[in-house]
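Everything on this sheet refers to the single structure shown next.
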Amino acid sequence: MHILTFLALGFGIQVAVGMSFENLILEEWETFKLEHDKKYASEEEEQFRMNVYLENRHYVAEHNQMFARGATTFSVALNKYSDLLLHEFMEKMTGYLGETESSDRSGSLVPSSWIEPLHTNPPAEMDWRTRGAVTPVKDQGHCGSCWAFSATGSVEGLHFRKTGNLVSLSEQNLIDCSKNFNHGCSGGWMQLAFQYIRDKDGIDTEESYPYEGKDGICRYNPSTQGANVTGYVVLPKGDEDTLQKAVASVGPISIAIDAGHQSFFSYHEGIYIEPNCSNKTMNHGVLAVGYGVDEETGIPYWLVKNSWGKSWGENGYVRMARNQGNQCGVATEASFPLV
């Protein structure tokens, strides 16, 4: 029997010639629904979602052909979000609202100025995961709460550096309780999350106030708090050298990026370089936990923790190009709490 090799899910799958292309696609679609527990309200919606999936599948195949030729530095893959249009994905899976309104809502707390450390030559590479300062990758679900995950990640890391204890902190606490500053699942700002924690003298642990992925009633309990914040520092805008020094000397740093591209939500592995990325308009809060240089390509990168679960990217992380014109705005709106 002859064998036909065909591109699916970003890699080759061998199928018998006797199996029609249409049947193969339907089988693949059923597998996708089963694997990601997808359920749709009607046949019309399912047909629409299948068409979106097929468009994303085509994009993945074309991009990965470019990757195989060396025309791009990263590969992409289908994932649990592949039945969403880009604008739907952005509405559900990001949530950083930008700097303009945050500056109008910042209240009385004035951010501290960055003071450069005496030893200004940072190491060639850094990975705070290997030093115990980073909790496991989390998943924000269909809630625009990236800002909360970015904020807790930085507080977790700096609390660890101060106390030696790594405590997973409650994003749900921030979603439910910081509504004078932020908008819960409709978006927010890392700096205002830091201010809320400071004003309330603490944030609860993840264990005591678990994540629900939806707006709820505030249940903050001071007796189960896991960390506190006394203020925050904002780094100079667009300065990757300063960001590198901060990551090296301080710990995990909250950053905002432009994630509004199909290449980002389909990212699989490699050094992420998106020519259409903005370094002025950010829409997604993430966490810079390190940096280095890719051994294969020699490209410097930022090691960035996302909040879309471990199945996305490199086990929940993305390596973003470093020192390439502030790619995607990695250094435009960087900040960290004082603990």
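Coordinate-derived values only; no laboratory data. The model shown is predicted, which means the values in this text are computed figures rather than measured ones. Glycine gets a Cβ as well: all are built from the backbone with ideal geometry, and neighbour counts include every protein chain shown.
A few remarks follow.
- For the listed peptides 235-245, 136-146, 34-44, a ranking on the average number of other beta carbons within 10 Å per residue, highest first, reads 136-146, 235-245, 34-44.
- Using only alpha-carbon positions in region 120-237, the gyration tensor eigenvalues give semi-axes of 23, 16, 15 Å once each is multiplied by 5 and square-rooted (largest first).
- Take 197-203, 149-155 and order them by the average number of nearby Cβ atoms within 10 Å per residue, most first; the result is 149-155, 197-203.
- A P(r) calculated from all alpha carbon pairs of region 290-339, with 5 Å bins opening at zero, reads 5, 19, 21, 24, 20, 9, 2, 0 percent.
- Relative to the longest principal axis of the Cα atoms of the chain, helix 146-163 runs at roughly 50 degrees.
- Computed over region 197-286, the P(r) curve from all C-alpha pair distances, binned at 5 Å from the origin, holds 3, 10, 13, 16, 17, 15, 15, 10, 2, 0 percent per bin.
- Ranking of Arg69, Arg161 by count of other Cβ atoms within 10 Å, fewest first: Arg69, Arg161
- Taking Cα atoms only, the orientation of helix 21-35 departs from the longest principal axis of the chain by about 30 degrees.
- Seen against the Cα atoms of the chain and their longest principal axis, helix 43-68 is set at about 80 degrees.
- Formal net charge of residues neighbouring Gly270 (Cβ-Cβ distance under 11 Å; K, R +1; D, E -1): -3
- Cα pair count fraction exceeding 39 Å, expressed as % - the chain: 17
- Ranked by the mean number of other Cβ atoms within 10 Å of their residues, highest first, the peptides 123-131, 182-190 come out as 182-190, 123-131.
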